[in-house]
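One structure is given here, and the rest of the page talks about it.
The values are calculated or read from the model by the stated rules, or taken from the named source; none is laboratory data. Note that the coordinates shown come from a computational prediction; the quantities given were computed from them, not determined experimentally. We place every Cβ from the backbone using ideal geometry, glycine too, and count neighbours over all the protein chains shown. Side chains are part of the model used for accessible areas, which takes the heavy atoms of the whole protein and leaves out ligands, DNA and RNA. Shrake-Rupley method; radii C 1.70, N 1.55, O 1.52, S 1.80 Å.
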Amino acid sequence: MGVKSEARDAAPTDEPAAAPSVLIHGGRVLPAVTVDTYNEELRDEEGFVGDRASRRAFRAILADWRDRMKERGEDPFGDVPMEEISKSKLDKMLASADPVSAGLVHTVVEEFAGELATVVRRFLRLETWKGTQRIVIGGGMIGSRIGELAMGRASIMLAADGVSIELRAIQNDPDEAGLIGAVHLAPSWVMAGHDAILAVDIGGTNVRVGIVELNAGKRGEVEEADVWKRQLWRHADDKPERDEAIEKIAAMLAKLIDRAGEEKMKLAPFMGIGCPGLIDEHGFILKGGQNLPGNWEGKDFSLAAALSAHLPRIDGHDIFIQIHNDAVVQGLSEVPNMKDVEHWGVMTIGTGLGNARFTNRE
């Protein structure tokens, strides 16, 4: 396929600063890593290249093969609508004794793996991605057998083409990685005298909120951070307006704050938020929020201010909020596992394809 352009609409790459920029939204220099780039939007004549390795792309490939099978009267799913075919159902079919059912899923996984390999190749051509040694793959799909196989097959395709890159599944639960990564947005004072922080992971389909226990070591390391309690809301089903979504998220957080109080947990007045799109230093979503409920983009809407208006204080303090791109935050959950490499990236297979590239700081 021909390529029209490789225009990128990502935040510019800056030289590392002397100190972490954790007091601004979308910070580029964080305590453990420098965010070299994120939210890269590669385009060709068919649209965004990353969309070829999204959950929607996988479903489109599946639908296409079902149509081909139906022409022969052999669709293993029969009349089951596409929206009712879950990852777990596909995993079961993959292990089925029925060769047609298993073969269909294998075929879809193989084609999707080819698309994923193509996307990885294109990203590695970018100046900001050159020298990447490892890419962790996140998102809900990677938590399934079909996702694991697609990643494994893509790795083999890349190796066969002489592309030196390691693909590895994100180690934390896909529902928790975007919460755990929020601890790496927190300023150092959060680690002193507190047990946990609040975290929110906002995606194009779901919103996850949680309390993340720091489990900090003697020197303040948070390598053992873990989700204590979490809630999930599939906002794509409810299709709320923006203000309704904000109120719902705030209500979920308030319940968790109350629960922490009941358990005598020392909750820091801090919250890290992962959200799709390009985030400026004031927390505005400049672009990339098209899958969120309502209009979240532009400088006439502040997510931090909107949420703060509905949240209680913690120990007499307003909650300090830090916002960053959701792929960045999900990638940050892998910081403890990346000490053996210098340059690494993350790709999240969700409603779209999130992406970020990091360099470890000494």
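Assorted remarks:
- Answer residue from segment 13-56, given it is assigned to a loop (DSSP other than H, G, I, E, B), among the aliphatic types (A, V, I, L, M) and at pLDDT below 85 and is nearest to the chain's Cα centre (by Cα) among those: Leu42
- Scanning segment 287-325 for residues that are outside any loop (DSSP other than H, G, I, E, B) and open to solvent by less than 30 Å² (accessible area, probe 1.4 Å) gives Leu303, Ala304, Ala306, Leu307, Ile314, Ile321, Gln322, Ile323, His324, Asn325.
- Residue in segment 95-111 that is within 21 Å of the chain's Cα centre (by Cα) and surrounded by fewer than 20 Cβ atoms within 10 Å (Cβ to Cβ) present: no
- Considering residues of segment 329-348 that are aliphatic (A, V, I, L, M) and farther than 12 Å from Val183 by Cα only, the residue most open to solvent (accessible area, probe 1.4 Å): Val341
- Qualifying residue in segment 221-228 (condition: at pLDDT 95 or above, under 22 Å from the mean Cα position of the chain (by Cα) and not in a loop (DSSP other than H, G, I, E, B)): yes
- Of note, Ala306 satisfies the criterion of being out of contact with any strand residue (DSSP E or B) (no Cβ under 9 Å at 6 or more places or on another chain), touching a residue at least 60 places away in the same chain (Cβ under 8 Å) and not aromatic (Phe, Trp, Tyr).
- Checking each residue in segment 89-131 for being in a helix (DSSP H, G or I) and charged (D, E, K, R) picks out Lys89, Asp91, Lys92, Glu110, Glu111, Glu115, Arg121, Arg122, Arg125, Glu127.
- So Lys248, is it open to solvent by 10 Å² or more (accessible area, probe 1.4 Å), modelled with pLDDT of 95 or more and not hydrophobic (A, V, I, L, M, F, W, C): yes
- Sub-6 Å Cβ pairs linking a first residue in segment 329-342 that is in contact (Cβ under 8 Å) with a residue 40 or more places away in the chain to a second residue that is assigned to a loop (DSSP other than H, G, I, E, B) and open to solvent by 20 Å² or more (accessible area, probe 1.4 Å), at least 6 apart or interchain, are Ser333/Asn172; Val335/Ala32; Pro336/Glu223; Asn337/Gln171; Val341/Gln133, ordered by first then second residue.
- Single residue of Val212, Val200 found to be within 24 Å of Arg55 (Cβ to Cβ), of a type in the set (Val, Ile, Thr) and part of a strand (DSSP E or B): Val200
- Note on segment 184-197: among residues that are assigned to a helix (DSSP H, G or I) and not small (Gly, Ala, Ser), the one that is surrounded by the most Cβ atoms within 10 Å (Cβ to Cβ) is Leu185.
- A single entry from Val100, Val163, Val108, Val119 fulfils the requirement of being under 20 Å from Glu334 (Cβ atoms) and either in contact with a helix residue (DSSP H, G or I) (Cβ under 9 Å, 6 or more places away or on another chain) or at pLDDT below 95 (or both): Val119.
- Odd one out for Gly181 among (1) assigned to a helix (DSSP H, G or I); (2) more than 30 Å from Met93 (Cα to Cα); (3) more than 19 Å from the chain's Cα centre (by Cα): (3)
- Hey, Ala150 small (Gly, Ala, Ser), open to solvent by 20 Å² or more (accessible area, probe 1.4 Å) and in a helix (DSSP H, G or I) or not: no
- Taking each residue of segment 62-90 that is over 23 Å from Asp237 (Cα atoms) and open to solvent by less than 50 Å² (accessible area, probe 1.4 Å) and looking for partners that are modelled with pLDDT under 90 and not hydrophobic (A, V, I, L, M, F, W, C) with beta-carbon atoms closer than 8 Å, six or more apart or interchain, yields Arg66/Asp75; Met69/Asp75.
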